[in-house]
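Novice: Pasting in a structure now, in structure tokens, and then I'll have a few things to ask.
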Amino acid sequence: MILSLDTSTTVCSVALHTPDGALLGCYELYTERTASSRLTMLVQDVVTHAGYTLADLSAIAVAKGPGSYTGLRIGVSTAKGLCYALDKPLIGINTLAAMTEQIRAFYPANTLLCPMIDARRMEVYCAVYEQDGSEKQSTQALVLDDTSFAGLLADHPVVFFGDGATKAQPVLTHPNALFPDMPVRPSARTVGALALRAYAAGEFEDLVAFEPYYLKEFMTTKPRQAVG
């Protein structure tokens, strides 16, 4: 039984899966600034309402990033705290890979999938995956322009999705650039689906050393000097 958390963006979600892949429960909140105040409550609710206790869990999975610095820090620290308290292993899942898992079954084999998470200005966090979920281009922070993905678009249909795709659509006008009408947001549902495979393969994180995959350093502004 795997409990999965995703706080990579403004979405805060928790899911519980059985060993055979059945989804027992999933709570998702789409309001701003929910992760820090609601996450532990959602964890307790999803486990209790499914008829189990935290002691019944086999592992804790968390979306490790990329994404919001604050959101990732909250999700990973909560997951690590649960693992320490319950003596359970930790599984880290790339947020972009979990987003791809949501839609890949809807596209043919020659299609490439590019999940995008909004960063600053014209920048996105993105990666490119084959239709079978294997990685074609690794995760990166990319400033979009009209030459982005030109080589891939020349040979393949490429589906761009996620909140960062809103920036890409006016720029990527190649006929092979596809943009789904439905929103695709990070979710613990598919973090859990990938975590089940990782659990079966024994792919666990070092609980002491594990950190979120921030991809970029946290940027802040200096406070203005007081006048007078």
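Novice: Pull out the extension gain between ASP45 and ASP20, defined as 0.36 nm times the separation in residues minus the alpha carbon to alpha carbon distance; nm, one decimal. Each step should come with its number before you reach the end.
Specialist: Details: separation 25, 0.36 × 25 = 9.00 nm, distance 2.16 nm.
Contour length minus the Cα-Cα distance gives 6.8 nm.
Novice: Can you give me the angle between helix 35-49 and the longest principal axis of the chain, using Cα atoms only, in degrees from 0 to 90, rounded to the nearest 10?
Specialist: 60
Novice: Separation of region 42-72 and region 102-134 by C-alpha centroid, Å?
Specialist: 24
Novice: Counting only other residues whose beta carbon sits under 13 Å from that of THR190, what net charge do I get with K and R as +1, D and E as -1? Intermediate results must be reported in sequence, preceding the final value.
Specialist: On the way: positive: ARG104, ARG185, ARG189, ARG197; negative: ASP6, GLU28, GLU101.
So the surrounding residues net to +1.
Novice: Subtracting the Cα-Cα distance from 0.36 nm times the residue separation, let me have the gained length for ALA154 to THR70 in nm, one decimal.
Specialist: Numbers: separation 84, 0.36 × 84 = 30.24 nm, distance 3.73 nm.
Separation in residues times 0.36 nm, less the Cα-Cα distance, equals 26.5 nm.
Novice: Subtract the Cα-Cα distance of ASP87 and ALA209 from 0.36 nm times their separation in residues, and report this length gain in nm to one decimal.
Specialist: On the way: separation 122, 0.36 × 122 = 43.92 nm, distance 1.59 nm.
Between ASP87 and ALA209, full extension yields 42.3 nm more.
Novice: Here is a follow-up. With contacts defined as alpha carbon pairs under 8 Å and 6 or more residues apart, what's the relative contact order of region 97-178 in percent? Each step should come with its number before you reach the end.
Specialist: Working: 151 pairs, mean separation 25.3, N = 82.
The normalised contact order for region 97-178 reaches 31 percent.
Novice: Let me ask you something else. When the chain is treated as a GNM, springs tying every alpha-carbon pair under 10 Å, which of ALA79, ALA59, ALA105 comes out with the largest mean-square fluctuation?
Specialist: Largest GNM mean-square fluctuation: ALA105.
Novice: Here is a further query. How far apart, in nanometres, would the label points at ASP56 and GLU130 be if each is projected 7 angstrom from Cα along the Cα-to-Cβ direction?
Specialist: Using points 7 Å along Cα→Cβ, the separation is 3.8 nm.
Novice: Only Cα pairs within less than 10 Å get springs; with that Gaussian network setup on the chain, which residue of ALA141, ALA15, ALA188 has the largest fluctuation?
Specialist: ALA141
Novice: Using only helices, what value at 222 nm comes out for the chain when you add -39,500 (n - 2.57) per DSSP H run of length 4 or more and divide by the total residues, to the nearest 500 deg cm²/dmol? Could the numbers behind the result be given before it?
Specialist: Details: 6 runs with 65 residues, N = 228.
Value at 222 nm, helices only, nearest 500: -8500 deg cm²/dmol.
Novice: Taking 8 Å as the Cα distance limit and 6 or more residues as the minimum spacing, I'd like the relative contact order of the chain as a percentage. The partial results should precede the final answer.
Specialist: On the way: 479 pairs, mean separation 53.1, N = 228.
Reported as a whole number, the value is 23 percent.
Novice: Mind jotting down the three principal axis lengths of region 97-178 based on Cα atoms? Whole angstrom, largest first.
Specialist: So the extents along the principal axes, rounded to whole Å, are 31, 25, 18.
Novice: Something else now. What nm distance separates the two modelled labels at ARG197 and GLN137, each placed 7 Å from Cα along Cα→Cβ?
Specialist: According to this spin-label approximation, the distance is 2.1 nm.
Rule-based calculations on the coordinates, nothing more; no lab input. The model shown is predicted, which means the values in this text are computed figures rather than measured ones. Here Cβ is always computed from backbone atoms with ideal geometry, including for glycine, and neighbour counts include all displayed protein chains.
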